[in-house]
Amino acid sequence: MLRPFNLIIAAVVVAGIALVLSVTLGGTSRNSEGAAQSGGDDVVIGLPYKVDAGYVRRSGQSPAVGFEIILPKRSDDAHTIGIDEKPTGGIVQFNFHSADEDFLESLFIAPIPIAAGDMDDRLAEIAPRLAEQGPALLRQRFEDVTAEPVREVMVGTYRATELTGTYLDPRDEARYAYRFLALPDPERVQSLYAVSHVNQAYQSIETPDAFADTLSGKALSMLRLTAPPQGGSGGGSGGQAGATAASE
């Protein structure tokens with residue numbers, strides 16, 4: 001029963017390593033020019049991005065989930081956004097870099113099945129898996145891995161389970177903050193799994209709440225789940241097959 005979840009986390013760890021190395025794995029690269037989008041009292045200015053029929057045409061993949069998001073652009077912080085629509089084990093990953101091409105942070109999004117039922121039960125069922133498996137897998141590649149207690153958070157208008165912490169990359173002695181989110185779709189079994197990596201030299205994350213002010217946090221605050229794009233009722237955009245390959 002736990003194997004799909006194990007594999008997805010393994011794929012995320014592999015993806016995170018590539019992101020920390022500032023590698024964009026081929027996909028579409030776009031800048032962050034775009035329109036202002038409003039959500040509640042907050043305004044995020046940036047690039048609208050959708051996993052819809054256009055995504056299917058571009059990528060040749062039919063994910064089991066659909067969503068819309070805004071990739072933010074801060075007026076006081078010029079940065080570029082690289083978009084990879086074929087990440088190992090996932091739907092898409094967004095790589096944020098400075099104007100000098102320094103890695104700032106990343107956001108990786110993958111499909112994950114979370115059994116139907118009461119939302120409290122769904123969140124409670126996924127929490128111990130995050131707590132037990134996430135840090136253990138990170139320790140296979142990184143050093144000095146820390147982890148905060150798993151907690152429930154709001155991601156935009158959605159309830160989610162969150163694991164946060166930090167790690168040291170032994171290759172460059174740099175410290176990064178990470179955020180794992182499991183977000184059950186209120187209407188579907190197929191749900192979203194998101195992971196952020198933040199370069200602590202760029203933005204210090206002292207508490208879990210600080211992720212809300214990161215680029216990936218701003219993007220997730222504008223997340224809107226939609227129906228899977230046409231043909232997207234299967235097992236995801238290479239999700240489980242890609243995750244299996246990544247974990248071997």
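The values are calculated or read from the model by the stated rules, or taken from the named source; none is laboratory data. Values in this document were obtained by computation on a predicted structure and should not be read as measured data. A quick note on method: Cβ atoms are made from the backbone with ideal geometry, for glycine too, and the neighbour counts reach across all protein chains shown. Keep in mind that these areas ignore ligands, DNA and RNA; they rest on the heavy atoms of the full protein, side chains included. Shrake-Rupley method; radii C 1.70, N 1.55, O 1.52, S 1.80 Å.
Residues in the range 220-240 that are within 24 Å of PRO72 (Cβ to Cβ) and either open to solvent by 40 Å² or more (accessible area, probe 1.4 Å) or at pLDDT 95 or above (or both): LEU220, SER221, LEU223, ARG224, LEU225, THR226. Of SER196, SER191, all but one fail to be within 19 Å of the chain's Cα centre (by Cα) and either free of Cβ contacts under 8 Å to residues at least 40 places away in the same chain or within 20 Å of GLU148 (Cα to Cα) (or both); the exception is SER196.
For (1) over 14 Å from GLN230 (Cα atoms); (2) β-branched (Val, Ile, Thr); (3) open to solvent by less than 10 Å² (accessible area, probe 1.4 Å), each residue gets a yes or a no:
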| site | (1), (2), (3) |
| --- | --- |
| GLN61 | no, no, no |
| ALA64 | no, no, yes |
| ASP84 | yes, no, yes |
| VAL92 | yes, yes, yes |
| PHE96 | yes, no, yes |
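Scanning the range 178-202 for residues that are part of a loop (DSSP other than H, G, I, E, B) and either open to solvent by 30 Å² or more (accessible area, probe 1.4 Å) or in contact with a helix residue (DSSP H, G or I) (Cβ under 7 Å, 6 or more places away or on another chain) (or both) yields a count of 8. The lone criterion from (1) free of Cβ contacts under 8 Å to residues at least 60 places away in the same chain; (2) closer than 23 Å to GLU101 by Cβ left unmet by ASP144 is number (2). I'd like to check something: does the range 108-131 contain any residue that is surrounded by fewer than 16 Cβ atoms within 10 Å (Cβ to Cβ), in a loop (DSSP other than H, G, I, E, B) and either on the phi > 0 side of the Ramachandran plot or among the basic types (Lys, Arg) (or both)? Yes.
The residue that is least open to solvent (accessible area, probe 1.4 Å), counting only those in the range 132-151 that are farther than 19 Å from PHE211 by Cα and part of a loop (DSSP other than H, G, I, E, B), is PHE142.
Tell me, please, whether a residue that is open to solvent by 70 Å² or more (accessible area, probe 1.4 Å), under 17 Å from the mean Cα position of the chain (by Cα) and over 22 Å from LEU137 (Cβ atoms) can be found in the range 158-166.
Narrowing the range 158-166 to residues open to solvent by 70 Å² or more (accessible area, probe 1.4 Å): 159.
Narrowing the set further to residues that are under 17 Å from the mean Cα position of the chain (by Cα) leaves 159.
Now restrict to residues that are over 22 Å from LEU137 (Cβ atoms): 159.
Checked against the condition, which is being open to solvent by 70 Å² or more (accessible area, probe 1.4 Å), under 17 Å from the mean Cα position of the chain (by Cα) and over 22 Å from LEU137 (Cβ atoms), the range 158-166 yields at least one hit.
Modelled with pLDDT under 50, closer than 21 Å to ALA227 by Cα and under 20 Å from the mean Cα position of the chain (by Cα): does that describe GLY26? For GLY26, the condition - modelled with pLDDT under 50, closer than 21 Å to ALA227 by Cα and under 20 Å from the mean Cα position of the chain (by Cα) - is not met.
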